[in-house]
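Chemist: Next up is a structure, given as structure tokens.
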Amino acid sequence: MDQFELDLRAFIERQMEESVGAKWWSQRVPQGVRDQCKNRHDEDTEKRLPPFPIDDLVHYTNIGELKDIIVRTDNYKLILRCLPKNQL
């Protein structure tokens, strides 16, 4: 499951970067997801966990939040555009 989550996160990040550009996180991720990821990042920074907190907040998403990014109306087709149309 952990590997699937890592792969899904990388897939979403790649698809959004290609479609929306570098500001996809602030433009296309629900505010609640961004807030939760920022809180996790800040907690890791305070605890020094991991030893060097990752600045890219997408790495603090969980599987449910990744789903929220995918199903957002303006993201759905952008993220899944590489799949054959009969699978959408």
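The values are calculated or read from the model by the stated rules, or taken from the named source; none is laboratory data. Predicted model, so just to flag it, every value in this text is computed and none were measured. Note: ideal-geometry Cβ built from the backbone for every residue, glycine included; neighbour counts use all protein chains shown. Heavy atoms of the whole protein, side chains included, go into the accessibility calculation; ligands, DNA and RNA do not. Shrake-Rupley method; radii C 1.70, N 1.55, O 1.52, S 1.80 Å.
Chemist: Ignoring ligands, DNA and RNA, what accessible area per residue does the chain give at 1.4 Å, in Å²?
Modeler: In whole numbers, the chain has 67 Å² accessible per residue.
Chemist: Return the calculated 222 nm mean residue ellipticity for the chain, to the nearest 500 deg cm²/dmol, obtained by summing -39500 (n - 2.57) across DSSP H runs with n ≥ 4 and dividing by the residue count.
Modeler: The helix contribution divided over the chain gives -18000 deg cm²/dmol.
Chemist: In the chain, what percent of the accessible surface is made up of carbon and sulfur (1.4 Å probe, ligands and nucleic acids excluded)?
Modeler: 54 percent
Chemist: Given the chain, what count of lysine pairs have C-alpha atoms under 20 Å apart, with each pair 8 or more places apart or on different chains?
Modeler: On the way: LYS23/LYS38; LYS23/LYS67; LYS23/LYS77; LYS38/LYS47; LYS38/LYS67; LYS67/LYS77; LYS67/LYS85; LYS77/LYS85.
So the count of such lysine pairs works out to 8.
Chemist: Label the chain by shape, choosing from rounded, prolate and oblate, from the square roots a ≥ b ≥ c of the eigenvalues of the Cα gyration tensor; if a/c is under 1.5 it is rounded, and otherwise prolate applies when a/b is larger than b/c, oblate when it is not. Walk me through the numbers before you get to the answer.
Modeler: Working: a/c = 2.25, a/b = 1.83, b/c = 1.23.
Since a/c reaches 1.5 and a/b is larger than b/c, the shape of the chain is classed as prolate.
Chemist: Could you give the nm distance between label points at PHE11 and CYS82, where each point is 7 Å from its Cα heading toward the beta carbon?
Modeler: Going from the PHE11 label point to the CYS82 one covers 0.8 nm.
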